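Here's the structure, in structure tokens; my notes come after.
The values are calculated or read from the model by the stated rules, or taken from the named source; none is laboratory data. None of the values given here were measured: they were computed from a predicted structure. Positions of Cβ are backbone-derived with ideal geometry, glycine not excepted, and every protein chain shown enters the neighbour counts.
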Amino acid sequence: MKITFILPAIGKKPGQKYLKSWLMEPLTIAVLNSMLPDSYEREFFDDRIEAINYEADTDAVFITVETYTAKRAYFIASEFQRRGKRVIMGGYHVTLCPEEAMEHADAVMVGNADRILPTVLTDLESGTLQKRYDGGACIQYKMPDRSIYADKMKKYLPVSLVETGRGCYHNCEFCSIAGYYHQHYLHREVADIITEIKSCSHKIFFFVDDSIFSDKAFARELFEELKKLDIIWTTQITLDIARDDEMLRLMKESGCEMVLIGFESIESDNLKQMNKGWSERLGEREALIQKIHDVGIGIYASFVFGFDSDSEETFKATLEFCEKHQFFVVAFNHLLIFPNTKTYESFKSDGRLISEKWWLEKGYTFGTVTFNPKQMTSDHLRACCKGYRKKYFRFGSIFKRGRTMHKRSKGFLINFAYWAINIIFHFEIDKRFGIPIGENLEEKKK
Ligand code: B12
Ligand code: SF4
């Protein structure tokens, strides 16, 4: 048996390269690859950096699909299907929208592959493939098999991606993780994670978890073991980590140099609207941020605009807030209305969606707002996301923050990463906005 893995790309502007900051190693493919029996042949096409060989001699094509890559994934599937190949799809978008994906695939997998993939492979071999498989939520692999993209490693950012757990206990209404894991959290064995980290080639790690300290005992055990390794790492976390002084100290000692925090909004009403009111205790936010900075950990602060209390004034106040705290980097994104989230349902029932399937819409570009905000037009919201991002990443701001960064942490690697990331973000703003989704990917890859 031979399996062909595909990671579809989002899209490109004509003649441009794929966005550098999106070029991370495709951990999903390594994890799925590790689940195949040794006897299987396998190959992988990374649509972001290389041409797909639609003539590949293969028994099945496995495509991982996110909402932004769905249009492209369906095109790739159709190319293989018309050559008589079987296509199986899985991933976030398929889990959130299985009926839609089923129209484009021979089989879809909803949820995690870890438990159910052997059944899919048996059915493939015996020619009894079902239309839909439900993998549920689980995490059961030991060691991702990265050999599948070893030949492409130089094209990816020099960061190793490792997954320590999946899911999150919270239920923020706009979030795909909540739509996928339904407030469940699961983690791997610490020993497996450490063995995996030791096998990776880079010194910088991104733990792709959405909420690494959901299980505090596990997190503590993990951080204690990380202390024995000479690595630096980052992850996504909620601000309440700073309520636990011991955990914060342990994180820093174990090599954590930066955390990504989804603040989402500085407006209480917005936080309530998205069911993230729990992230804010009146007056405490500033103190918690200070504690993280005092221990020497930088913050990648992420904000989402377009909730009902947002106007340009919110952008101004948020920029001021970010400049005051001198965050490592920020993201100012417009609200993305992902399918099968509570936000999607409420915007749909209020008649506020401009397009119900924006991700398949012809001409849809990255940065285009797909709903009607309350206090701004959708074009104004888009312009503010871009304009205020530009203000934060102007060179004056980067230099000023760079000096603060150096005072917070003296590590060479993290300071180097600060300059590299900020400069990449500075130049990527214009490139990122307006990327046509699913387009120009058959151009010769550079
Ligand atoms: C690392 C990461 C990135 C990296 C690189 C991603 C990459 N493709 O290489 C960076 C930082 C660049 C990034 C960027 C973006 N990301 Co991102 N990212 C992640 C993150 C944190 C981890 C992904 C991962 O490696 N998971 C580990 C693997 C093992 O899990 P998995 O992919 O779910 O795979 C399992 C199952 O889903 C299933 N499965 C998956 N595919 C397939 C295929 C088949 C055939 C089968 C059978 C099964 C199967 O089996 C696997 C094993 O159980 C996820 C959140 C998360 N925790 O997963 C967000 C996430 C995927 N990203 C998301 C988004 C929105 C983006 C951006 C659009 C953000 C932005 N505004 O710029 C960009 C798009 C970039 C792109 N696609 O090129 C969303 C997608 C939501 C959606 N509905 O599609 C997520 C879910 C985050 C979120 N909280 O909403 N991202
Ligand atoms: S936004 Fe963050 S905290 Fe909220 S459900 Fe999603 S992953 Fe969990």
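Selection over the stretch 145-202 of residues that are over 20 Å from Arg48 (Cβ atoms), more than 11 Å from ligand 1 (Cβ to nearest atom) and part of a helix (DSSP H, G or I) gives a count of 10. When Pro118 is tested against the conditions (1) touching a Pro at 6+ places or on another chain (Cβ under 9 Å); (2) near ligand 1 (Cβ under 8 Å from one of its atoms), the lone failure is (2).
Selection of the stretch 81-96 for residues being more than 16 Å from ligand 2 (Cβ to nearest atom), assigned to a helix (DSSP H, G or I) and surrounded by fewer than 23 Cβ atoms within 10 Å (Cβ to Cβ) yields only Gln81. With respect to (1) under 21 Å from Asp59 (Cα atoms); (2) surrounded by fewer than 19 Cβ atoms within 10 Å (Cβ to Cβ), the lone exception for Glu99 is condition (1). Summed over the stretch 173-196, the residues that are away from ligand 2 (no atom under 16 Å from the Cβ), of a type in the set (Val, Ile, Thr) and surrounded by 19 or more Cβ atoms within 10 Å (Cβ to Cβ) give a count of 1. Does Gly306 fit the bill of being farther than 19 Å from Phe213 by Cα, assigned by TED's automatic domain parsing to the domain that holds Ile231 and either in contact with a helix residue (DSSP H, G or I) (Cβ under 8 Å, 6 or more places away or on another chain) or surrounded by fewer than 17 Cβ atoms within 10 Å (Cβ to Cβ) (or both)? When the stated conditions are applied, Gly306 passes them. Just one of the listed residues (Phe205, Phe218, Phe223) is modelled with pLDDT of 95 or more, away from ligand 2 (no atom under 15 Å from the Cβ), in contact with a His (Cβ under 6 Å, 6 or more places away or on another chain) and within 26 Å of Asp145 (Cα to Cα), and it is Phe218. Scanning the stretch 395-413 for residues that are within 16 Å of ligand 1 (Cβ to nearest atom), at pLDDT 95 or above and in the same structural domain as Gly179 (by TED's automatic domain parsing) turns up nothing.
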